[in-house]
Every structure is written in C-alpha cells, then in structure tokens.
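Report on the following structure.
Coordinate-derived values only; no laboratory data. Nothing here was measured: the structure is a model prediction, and the numbers come from that model. Cβ placement follows ideal geometry from the backbone for every residue including glycine, while neighbour counts extend to all protein chains displayed.
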Amino acid sequence: MSYNNKNYLNKLRRDITFTEQLSGQSLNYHTTWGLFSPREIDEGTRLFMKHIKVNPDDDCFDLGCGYGPIGLTLAKLAPQGQTLMVDKDFMAVEYSNKNVKINQIKNASAILSNGFQHVDPALRFDLIASNIPAKVGKEMMSLILHDARDRLKPEGRLYLVTINGLRQYMKHNLKEVFGNYKKLKQGARYTVHLAVI
C-alpha cells in the first residue's frame, strides 16, 4: 500500500469507530489517529475501571480524558452528578465532546486544560480519576496531586492508574500529599491507586 495513495490517506482521515463496555456501560466511541489508544480501550483503563467505586450522585473529574472512555463511563455511573473531563490536547477535547453527543450523555462535558489550570476554581468533586501518562514529569505530577487534593470535597476520592514502575513513587507521593494511600490492584503492567480526603 503506497502512503501517497489518496484513497488510503482519505481512509486514515476518517473517524475510527468502535463500541466498548467498561463497568457494565456499553458506549460508542469515535476517535482519530494521534490520540492515545485510538482503536480500543487500553489495558490500564480496563483494569482501572474495574476498581473504581462510583456513587449515583458523585460529581466526577476525568484528568487527561483522551477521547473520553473514563469520563463517559463515570457520567453514566453517576447520572445524578456532573462529570467534567479535561485534556491539554484540543483533539482529545473535541472527540470527548463528540462522544458525549453520540452517546446522548447529558451530564458530561470536556474542556481544554493543562491539569486544573483552566478549571473553575470554585468547582469541587467527589471523585477524581486519571490514567496518568508515565512521562508526565515530577513537576506536573506534584501539581496534579496537590491540586486534586484541593479540589476534592470532604471524603472525596482520588483514583489513579499508572504503570507498575511508578507504584512506589505514587505510594510515597500520595502519602505525602494526602496522608494516606491504598493499592487497589496491581496487574501485570498497571497499578490502581487510591487516596482519600
């Protein structure tokens, strides 16, 4: 297949579409090349969503939402709450909002933000969730953890999934910032972490 072939290039420009189930919620996704794991839900997110406990009235926050699998699922699990998704990639935000419409979810939206930078400072959440990239850097990680703590309501929960190589780092930093840490699950490649207010 020639990479100069117009039909091939036009095919690449079309949305990638698939249907997946997370936490018992079946959703339709539109994605595109350049977004994280565009053809299927990644292994870390699958493991993650098996271990998040969501109440029907939780206000949820998905940090680094990509095209929205975590945030959309949280919104479906918490229909009486509001779910805000953020990403620093404008295409991720565009596709998250597209997927909100496609799935007719009324209580979720996505905005462009680097961490909490562009999030209304008055907003507080019951649950913050993030599939944190391995290369986020210690400075950004520090901002994420401290900002998450400040944005959680009383008894709020921060759920994170990381590669196993960051397990001890996350344990140390969550204990330092939140005063507590719980490892919910360690899989072959990923670990699910929890800290609470």
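Each of 27, 12, 84, 112 was scored by other Cβ atoms within 10 Å of its Cβ. Listed from fewest to most, they are 12, 112, 27, 84. Relative to the longest principal axis of the Cα atoms of the chain, helix 138-151 runs at roughly 70 degrees.
Out of the DSSP beta bridges found with both residues in region 6-196, what percent are antiparallel (nearest 5)? Roughly 50 percent of the DSSP beta bridges within region 6-196 come out antiparallel.
A crude spin-label estimate for the pair residue 164 and residue 5, with each label 7 Å from Cα along the Cβ direction, gives 4.0 nm. Separation of region 157-197 from region 132-147 is 13 Å, based on Cα centroids. A simple rule links phi to the HN-Hα coupling: the Karplus curve 6.51 cos²θ - 1.76 cosθ + 1.60 with θ = phi - 60°, which for region 9-23 gives 5, 5, 5, 5, 7, 6, 4, 7, 10, 7, 10, 9, 10, 10, 6 Hz, with x for Gly and Pro. Were the residues from residue 176 through residue 51 laid out at 0.36 nm apart, the gain over their Cα-Cα distance would be 42.7 nm. Taking the C-alpha atoms only, the angle from helix 167-178 to the longest principal axis of the chain is near 50 degrees. Along the chain, the exposed loop sites are trypsin sites (Lys or Arg not before Pro) outside DSSP states H, G, I, E and B with at most 15 other Cβ atoms within 10 Å, and the longest stretch free of them is 136-188.
With contacts taken as Cα pairs under 8 Å at a separation of at least 6 residues, region 6-196 carries a relative contact order of 17 percent.
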